[in-house]
1. Ignoring any ligand, DNA or RNA, what whole percent of the accessible area of the chain comes from carbon and sulfur when the probe is 1.4 angstrom?
2. Given a 1.4 angstrom probe, what's the average accessible area per residue across the chain, in square angstrom?
3. For the chain, count the residues as N, evaluate 2.2 N^0.38 Å, and divide the Cα radius of gyration by that value, please.
4. Restricting to DSSP loop positions (anything but H, G, I, E, B) with no more than 12 other Cβ atoms inside 10 Å of their own Cβ, which trypsin sites (Lys or Arg not before Pro) remain in the stretch 19-128?
5. Loop only per DSSP, at most 15 neighbouring Cβ atoms within 10 Å: give me the GluC sites (Glu not before Pro) in the stretch 25-80, ordered by residue number.
Amino acid sequence: ALERSNMPFDITESFILDAEREIGAALPSAYRTSMLGANGGEIETEDDSWELYPIADTSDRKRLSRTANHIIKETSLCRAWPGFPENALAIASNGGGDRLVLLKQGPVFGAAVYAWSHETAALTKVANEFSALRAL
């Protein structure tokens, strides 16, 4: 099981809009809604637990430090890995190298959530939308 290092804060819509501008696509509504209420935390898929990456929040020093491992930073680190999909946004880690990702489809990210294996570079759909995943 993953340790929860920090309880997730809520986040304002403006920081989600900033992230969407930076990545050049709209995030799926179920994911946006969840992050507005709890920017980070843990979720569970059928066979794994995942630590969610937060969306960057620069409103104060505490929130800035708690969101240092934000989705855009983590995605840019993942892009250096062989086989990481060009159109993927990393939203969570299982602590063992695998990532949960959303896939960009033109100007939006699709609603489905996929697990990306760092060993095989395979994508496996784990949920039709973010709200189908269980929070821990």
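1. Result for the chain: 51 percent of the exposed heavy-atom area is carbon or sulfur.
2. 52
3. Scaled against compact globular proteins, the figure is 0.96.
4. For trypsin sites (Lys or Arg not before Pro) across the stretch 19-128 that sit outside H, G, I, E and B with at most 12 neighbouring Cβ atoms in 10 Å, the list reads R79.
5. Qualifying residues, ordered by number: E46.
The values are calculated or read from the model by the stated rules, or taken from the named source; none is laboratory data. As the structure is a prediction and not an experimental result, all values here were calculated from the model. Please note: Cβ atoms are built from the backbone with ideal geometry, for glycine as well, and neighbour counts cover all protein chains shown. Only protein heavy atoms, including side chains, enter the accessible area calculation; ligands, DNA and RNA are left aside. Shrake-Rupley method; radii C 1.70, N 1.55, O 1.52, S 1.80 Å.
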